[in-house]
């Protein structure tokens, strides 16, 4: 089956098999329809979960007996870490988050963020590597994770920073929007090619090439 990235809560996950990394996307919670992504290194079997958003009954069977080395929380908002405590309790995984959001995540979940990251840091998935890109605006410490596939195009996990059709919500804060759109343009669109496939925190995937023509339109509308 061809990967599309179209998933629904209580529906089947969608699986993308890359030469060195397998990406499994699943949606959780009918109301919020959050995406969670399980990444597995094909060489070592090590696994990393991006956003333990909700429904451990859905996430833990995906993890299975292979275990989990790390859970990355893309930002502090409650809908992206409701299953964090249960997943960590079941797997003993390390917890990673952007430094400015880490304290809020701990306060909300009771789980200590063991590793606080920012621009230039990396998160290992076995022999594969994710580059951390900090994007300020949706929250102070939101992060994206970039996998530069040596056998193909880049893969970018954007949390709530970038979606098909626009950037994340800044709740009417014009300064936050300016920071967000600037970071998205200079840290994502400027350095990365059009065939970069991105995986957002909610909804369908897209590519930077499909969204690039609309950057100025997003700036002008202010959201």
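Sub-8 Å Cβ pairs linking a first residue in region 154-178 that is at positive phi to a second residue that is crowded, with 20+ Cβ neighbours inside 10 Å and part of a helix (DSSP H, G or I), at least 6 apart or interchain, are 159/80; 165/211, ordered by first then second residue.
Among the candidates 191, 213, 164, single out the residue that is loosely packed, with under 14 Cβ neighbours inside 10 Å, under 19 Å from the mean Cα position of the chain (by Cα) and modelled with pLDDT of 95 or more. Checking each option against the conditions leaves just 191. One residue alone among 18, 68, 38, 62 is closer than 18 Å to residue 157 by Cβ and crowded, with 23+ Cβ neighbours inside 10 Å, and that residue is 68. Based on what the data block shows, is residue 124 in contact with a strand residue (DSSP E or B) (Cβ under 8 Å, 6 or more places away or on another chain), surrounded by fewer than 22 Cβ atoms within 10 Å (Cβ to Cβ), closer than 23 Å to residue 84 by Cα and touching a residue at least 40 places away in the same chain (Cβ under 8 Å)? It is true that residue 124 is in contact with a strand residue (DSSP E or B) (Cβ under 8 Å, 6 or more places away or on another chain), surrounded by fewer than 22 Cβ atoms within 10 Å (Cβ to Cβ), closer than 23 Å to residue 84 by Cα and touching a residue at least 40 places away in the same chain (Cβ under 8 Å). Of all residues in region 194-207, those being more than 19 Å from residue 137 (Cα to Cα), in contact with a helix residue (DSSP H, G or I) (Cβ under 8 Å, 6 or more places away or on another chain) and either surrounded by 15 or more Cβ atoms within 10 Å (Cβ to Cβ) or in contact (Cβ under 8 Å) with a residue 40 or more places away in the chain (or both) number 2.
If the condition is being touching a helix residue (DSSP H, G or I) at 6+ places or on another chain (Cβ under 6 Å) and touching a residue at least 40 places away in the same chain (Cβ under 8 Å), then region 54-73 contributes only 73.
If you go through region 49-86 and keep only what is more than 21 Å from residue 144 (Cα to Cα) and in a helix (DSSP H, G or I), you end up with 56, 57, 58, 60, 61, 62, 63, 64, 65, 66, 85, 86. Determine whether residue 92 is farther than 24 Å from residue 14 by Cα and surrounded by fewer than 20 Cβ atoms within 10 Å (Cβ to Cβ). Here the answer is yes, as residue 92 does meet what is asked. Which residues, taken from region 135-157, are buried (at least 21 other Cβ atoms within 10 Å of the Cβ) and part of a strand (DSSP E or B)? Correct list: 143, 144, 145, 146, 147, 155, 156, 157. Has region 173-185 got any residue that is surrounded by fewer than 22 Cβ atoms within 10 Å (Cβ to Cβ), under 25 Å from residue 19 (Cβ atoms) and at pLDDT 95 or above? Among the residues of region 173-185, not one is surrounded by fewer than 22 Cβ atoms within 10 Å (Cβ to Cβ), under 25 Å from residue 19 (Cβ atoms) and at pLDDT 95 or above, which makes the answer no.
The values are calculated or read from the model by the stated rules, or taken from the named source; none is laboratory data. This structure is a prediction, so every number in the text was calculated from the model and none was measured. Reconstructed Cβ throughout: ideal geometry from the backbone, glycine too, with neighbour counts over all protein chains shown.
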